[in-house]
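Some notes on the structure that comes next.
The values are calculated or read from the model by the stated rules, or taken from the named source; none is laboratory data. On a predicted model such as this, the values are computed, not experimentally measured, just so you know. So basically every Cβ, Gly included, is an ideal-geometry build from the backbone, and we count neighbours across all protein chains shown. Note: areas computed on protein heavy atoms with side chains; ligands, DNA, RNA excluded. Shrake-Rupley method; radii C 1.70, N 1.55, O 1.52, S 1.80 Å.
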Amino acid sequence: MSEQIPVQDVTPPRPKPAETVDLYASREKIYTRAFTGLFRNLRMAGGAFLFLLYFGTVWINWGGHQAVWWDLPERKFYIFGATFWPQDFVLLSALLIIAAFGLFFITVFAGRVWCGYTCPQSVWTWVFMWCEKVTEGDRNQRMKLDKTPMSGAKLMRKTAKHGLWLLIGLATGLTFVGYFYPIRDLIPQLLTFQADEWAVFWIGFFTLATYGNAGWLREQVCIYMCPYARFQSVMFDKDTLIVSYDPRRGEKRGPRKKGIDYKAQGLGDCIDCTMCVQVCPTGIDIRDGLQIECIGCAACIDACDTIMDKMNYPRGLISYTTEHNLSGQQTQLVRPRLIGYAMALVAMMSVLAYAIATRSLVELDVLKDRVLYRENEQGRIENVYTLKIMNKAQRDLTFVIQADGLEGLVYEGKQEVHASAGEVLSIPVELSVDPEKMPSSTNQVRFQIRSPDDESIHTDAESRFIGPSVR
Ligand code: SF4
Ligand code: SF4
């Protein structure tokens with residue numbers, strides 16, 4: 001009888017299946033509560049100013065055409081009486097750099113005030129929220145409406161809301177295209193179905209983009225799409241103003257009756273009413289601390305201050321404060337980084353103002369003919385050029401043309417020309433010289449133009465005069 005060797009199961013235990021982590025989080029609709037207060041009024045003032053600026057500017061006429069007009073086919077940009085050409089794009093780049101520094105400065109100082117008060121995404125979202133309130137009612141009514149099955153009344157309210165959103169979207173898209181295509185021509189052309197198809201496409205695109213962003217996406221744009229939200233956190237320091245809840249004062253939170261000695265019960269000033277959460281456009285609870293979703297709109301400050309007033313507690317449980325303040329240290333508002341940004345800003349703005357103030361209102365380009373030179377009947381060497389003269393002023397001007405650089409140089413061509421405001425002239429001219437007087441085969445010559453209408457308007461440009469080797 002054979003003996004059996006006892007066996008042992010040495011199979012390694014199977015690893016438990018890894019837990020699946022779902023990276024997708026479905027969006028929970030945020031029903032914001034309407035509120036009043038100081039910061040709401042400031043935001044409304046900022047939003048109204050932005051709206052007026054955006055919708056009003058395209059209708060202002062200045063110097064015979066739209067005050068702000070990006071005339072792309074002509075490559076001219078009109079901004080309140082000044083005409084900019086592609087050659088001036090360096091000024092636009094400087095302006096954008098200054099705007100970026102301005103944003104850095106304001107972020108280091110006061111956190112995300114741009115996001116909360118003036119960012120178009122926020123401003124348009126507040127307006128869309130107002131439409132929602134007008135058509136569907138306040139927060140509780142909207143929540144109730146969404147839970148009820150579809151009915152005639154519900155359909156009417158929803159249609160009114162989406163209709164208003166689309167109307168505002170259309171006005172936004174139309175105005176945006178109006179900055180590139182004169183709006184006074186565009187509207188009649190649209191009404192008579194004669195508008196350019198690209199203009200119609202872009203109006204439709206911006207209408208839907210506004211409707212989608214401010215109506216549907218809202219806080220998702222700030223949380224997931226906006227790059228500024230991501231990189232500004234690195235600009236914050238412990239002295240940056242942030243919207244913050246004071247847990248030392250607020251905790252332990254809890255409901256209570258008005259007028260009781262809540263401190264004796266171990267309670268703080270927060271009555272846990274959740275008003276600060278209900279008014280938040282990004283749906284966060286500021287009592288959980290500083291979060292990337294917070295756009296610094298201060299709606300929670302207004303809401304909490306109202307509650308504090310009702311409870312006869314001091315205001316400021318949620319306030320603009322700093323991390324240093326919250327930890328009981330002194331806040332240093334003026335600090336080296338802020339001074340650095342301010343100095344850089346002032347320096348760049350001064351340089352830009354100087355560059356714009358001293359910008360020449362005439363531009364001259366000299367194009368030399370491809371034929372290097374020719375000899376005329378008198379034995380003189382001739383070179384042919386085309387002068388491109390751009391009148392960048394907002395009025396018609398006369399220009400006088402001269403050339404020098406070589407002894408005995410003779411200029412042939414128009415010596416006086418007239419250019420309308422914004423006109424580009426193409427003037428063919430010839431220069432000739434006695435070959436005996438040419439120091440080398442390649443020589444520098446200079447064209448000068450000046451306006452007898454305004455002595456400050458002049459410029460010059462250099463070119464080459466080519467001939468055979470002599471002497
Ligand atoms: S609004 Fe003020 S009192 Fe009400 S829950 Fe928020 S922090 Fe507390
Ligand atoms: S937490 Fe307050 S400041 Fe931040 S987004 Fe919400 S309401 Fe605005």
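Here the stretch 278-294 is the region considered, the condition is being more than 8 Å from ligand 2 (Cβ to nearest atom) and not in a loop (DSSP other than H, G, I, E, B), and the residue that is surrounded by the fewest Cβ atoms within 10 Å (Cβ to Cβ) is D288. Filtering the stretch 229-261 to residues that are in contact with a Cys (Cβ under 7 Å, 6 or more places away or on another chain) and either open to solvent by less than 60 Å² (accessible area, probe 1.4 Å) or modelled with pLDDT under 90 (or both) leaves A229, V243, G250. In summary, C226 fulfils each of the numbered conditions (1) open to solvent by less than 70 Å² (accessible area, probe 1.4 Å); (2) over 24 Å from E132 (Cβ atoms); (3) more than 10 Å from ligand 1 (Cβ to nearest atom) with the single exception of condition (2). For the stretch 379-428, filtering for residues that are more than 21 Å from T442 (Cβ to Cβ) and hydrophobic (A, V, I, L, M, F, W, C) leaves 13.
Would you confirm, using the coordinates I've provided, whether T159 is open to solvent by less than 30 Å² (accessible area, probe 1.4 Å), farther than 13 Å from A199 by Cβ and part of a helix (DSSP H, G or I)? No, not satisfied. Annotation: of all residues in the stretch 193-223 being among the β-branched types (V, I, T) and modelled with pLDDT under 95, the one that is farthest from V177 (Cα to Cα) is I223.
Residue-level analysis places C304 outside the set of residues that are of a type outside the set (D, E) and more than 25 Å from C119 (Cα to Cα). Can you name the residue in the stretch 279-314 that is within 9 Å of ligand 1 (Cβ to nearest atom) and of a type in the set (S, T, Y) and is also nearest to the chain's Cα centre (by Cα) among such residues? Here the answer is T306. Taking the condition modelled with pLDDT of 95 or more, away from ligand 2 (no atom under 15 Å from the Cβ) and over 20 Å from F35 (Cβ atoms), does L333 pass? Answer is no for this residue.
One line per residue, one yes/no per condition, for (1) open to solvent by 50 Å² or more (accessible area, probe 1.4 Å); (2) touching a residue at least 40 places away in the same chain (Cβ under 8 Å); (3) under 21 Å from G467 (Cα atoms); (4) not β-branched (V, I, T):
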| position | (1), (2), (3), (4) |
| --- | --- |
| D369 | yes, no, yes, yes |
| I381 | no, yes, yes, no |
| V384 | no, yes, yes, no |
| I389 | no, yes, no, no |
| Q394 | yes, yes, no, yes |
| Y411 | no, no, yes, yes |
| K414 | yes, no, no, yes |
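Figure legend. Inter-residue proximity from the stretch 208-222: first residues outside any helix (DSSP H, G or I), second residues at pLDDT below 95 and among the β-branched types (V, I, T), beta-carbon distance below 9 Å, spacing 6+ or different chains. Indicated pairs: R218/I30; R218/T282. Summed over the stretch 291-316, the residues that are farther than 20 Å from K258 by Cα, at pLDDT 95 or above and among the small types (G, A, S) give a count of 2. Within the stretch 441-456, residues that are farther than 16 Å from Q402 by Cβ have Cβ atoms under 6 Å from residues that are open to solvent by 40 Å² or more (accessible area, probe 1.4 Å) and part of a strand (DSSP E or B) in these pairs: T442/R464, counting only partners at least 6 apart in sequence or on another chain. A264: more than 15 Å from ligand 1 (Cβ to nearest atom), in a helix (DSSP H, G or I) and surrounded by 14 or more Cβ atoms within 10 Å (Cβ to Cβ), yes or no? So A264 does not fit the description; no.
The residue that is nearest to P428 (Cα to Cα), among those in the stretch 396-409 that are over 45 Å from the mean Cα position of the chain (by Cα) and loosely packed, with under 15 Cβ neighbours inside 10 Å, is D404. With respect to the conditions (1) open to solvent by 40 Å² or more (accessible area, probe 1.4 Å); (2) out of contact with any Phe, Trp or Tyr (no Cβ under 8 Å at 6 or more places or on another chain), Y211 falls short on a single one, namely (2). Restricting the stretch 231-247 to residues that are in contact (Cβ under 8 Å) with a residue 60 or more places away in the chain and part of a helix (DSSP H, G or I) leaves a set whose member that is farthest from the chain's Cα centre (by Cα) is M235.
Of the residues in the stretch 295-311, at least one is within 16 Å of ligand 2 (Cβ to nearest atom) and out of contact with any Gly (no Cβ under 9 Å at 6 or more places or on another chain).
For the condition within 16 Å of ligand 2 (Cβ to nearest atom) and among the aromatic types (F, W, Y), what is the one hit in F205, F236? When all the criteria are applied, what remains is F236. Taken over the stretch 269-323, the criterion of being free of Cβ contacts under 8 Å to residues at least 12 places away in the same chain and out of contact with any helix residue (DSSP H, G or I) (no Cβ under 9 Å at 6 or more places or on another chain) is satisfied by T274, D288, Q291, D309.
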